[in-house]
Amino acid sequence: MLRGLYTATAGMLAQQRRTEMLSNNMANANTAGYKADQASVRAFPEMLLNRLENKSVPTTNGSRFGQVTPIGSINTGAYVQELQSTFSQGGLKETGLYSDVALLEEIIPLNAETNVKGALFFAVQNQAGEERYTRNGHFTRDNNGILLSGGNPVLSTTGQPISIQSSEFQVTPDGEVIADGEFVAQIDVRFEADVRNLVKEGNGLYRTFNNEELPTAVNNENIQYNLRQNYLETSTVDVGRTYTDMMTAYRSFEANQKVLQAYDKSMDKAANEIGRI
């Protein structure tokens, strides 16, 4: 009976984590450049049940209690193994704002091991001075003219924050920033060949698993991309599917909850009624 309690509880925990993930996706449905998460649900290892025949003579294949007769396997529940982001290209939305820049992927190499294409990112600097990566092209400028993405300075190909002293500027398809007819800097675009190495940090930021800096995609002959000014990359969240998945997770949670309540009632009777007899 205790196995049933553990199995139902594991199912509830798995569906709770899926609901939290889906809620986060829904909350970021309108966040520029957001990549939706997907949950991988796995089953715990199955257990082989055996029947112990104590009256039989122990054999070389048996135990000290007697011959072991296999009955069958039993599942011990499920769990969320990992959350994975989908790094597919989001749609483009025209905003008309010169500070909005969308990163559009054209040719991205496939990873030889996973057969999944890599991903491109803007390089930014967080408050601790560490390099981070984002797809959020909704840029702004602070009082000093520093170009920001989500409050983090956007880095150029020289590794320095981009400073623009003009009220308006242009961004060419290859990322060159032009202000008052003069070249200011080139927006750095980084490439991750294996997206499994990326870790979400919140606020649209990513880092590598070992905190290693990603190589630049600028002037890489195997990679083609362009930056589109006055556009934003939309989120990859499918609102309709997310709503459906949330309802499925809720129903699964309720089903496991009812099973848990049934086990609880059975144990209550076993302890208070049968024990009294």
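For the range 24-34, indicate whether the set of residues that are at pLDDT below 75, part of a loop (DSSP other than H, G, I, E, B) and surrounded by fewer than 16 Cβ atoms within 10 Å (Cβ to Cβ) is non-empty.
So in the range 24-34, the residues at pLDDT below 75 come out as none.
Within the range 24-34, not a single residue is at pLDDT below 75, part of a loop (DSSP other than H, G, I, E, B) and surrounded by fewer than 16 Cβ atoms within 10 Å (Cβ to Cβ).
Residues of the range 22-46 being among the hydrophobic types (A, V, I, L, M, F, W, C) and without any contact (Cβ under 8 Å) to a residue 40 or more places away in the chain, which ones?
Within the range 22-46, ALA27, ALA43, PHE44 qualify.
What about GLN224, is it in contact with a strand residue (DSSP E or B) (Cβ under 6 Å, 6 or more places away or on another chain) and exposed (fewer than 15 other Cβ atoms within 10 Å of the Cβ)? Walk me through how you get there before you give the answer.
Numbers: in contact with a strand residue (DSSP E or B) (Cβ under 6 Å, 6 or more places away or on another chain): yes; exposed (fewer than 15 other Cβ atoms within 10 Å of the Cβ): yes.
For GLN224, the condition - in contact with a strand residue (DSSP E or B) (Cβ under 6 Å, 6 or more places away or on another chain) and exposed (fewer than 15 other Cβ atoms within 10 Å of the Cβ) - is met.
It is to be established whether one or more residues within the range 132-139 are modelled with pLDDT of 95 or more, polar (S, T, N, Q) and over 29 Å from ASP37 (Cα atoms).
no
Given the residues VAL154, VAL177, VAL199, which is the only one that is out of contact with any Gly (no Cβ under 7 Å at 6 or more places or on another chain), of a type in the set (A, V, I, L, M, F, W, C), modelled with pLDDT under 95 and assigned to a strand (DSSP E or B)?
Sole residue among the options that is out of contact with any Gly (no Cβ under 7 Å at 6 or more places or on another chain), of a type in the set (A, V, I, L, M, F, W, C), modelled with pLDDT under 95 and assigned to a strand (DSSP E or B): VAL199.
Let me spell it out: the conditions are (1) more than 20 Å from VAL237 (Cα to Cα); (2) of a type in the set (A, V, I, L, M, F, W, C); (3) in contact with a Ser or Thr (Cβ under 9 Å, 6 or more places away or on another chain); (4) assigned to a loop (DSSP other than H, G, I, E, B), and LEU97 meets all of them except one. Which number is the exception?
It fails just one condition, (3).
Of THR236, THR248, THR244, which residue is more than 18 Å from ASN111 (Cβ to Cβ) and either assigned to a loop (DSSP other than H, G, I, E, B) or open to solvent by less than 20 Å² (accessible area, probe 1.4 Å) (or both)?
After ruling out the rest, the residue left standing is THR236.
So which residues in the range 180-196 are outside any strand (DSSP E or B), more than 13 Å from PHE87 (Cα to Cα) and in contact (Cβ under 8 Å) with a residue 12 or more places away in the chain, if there are any at all?
Hits for the range 180-196 are ASP180, ASP188.
The values are calculated or read from the model by the stated rules, or taken from the named source; none is laboratory data. Keep in mind it's a predicted model, so treat the numbers as computed, not measured. A quick note on method: Cβ atoms are made from the backbone with ideal geometry, for glycine too, and the neighbour counts reach across all protein chains shown. Accessible surface is based on the protein model in full, side chains and every heavy atom, while ligands, DNA and RNA are left aside. Shrake-Rupley method; radii C 1.70, N 1.55, O 1.52, S 1.80 Å.
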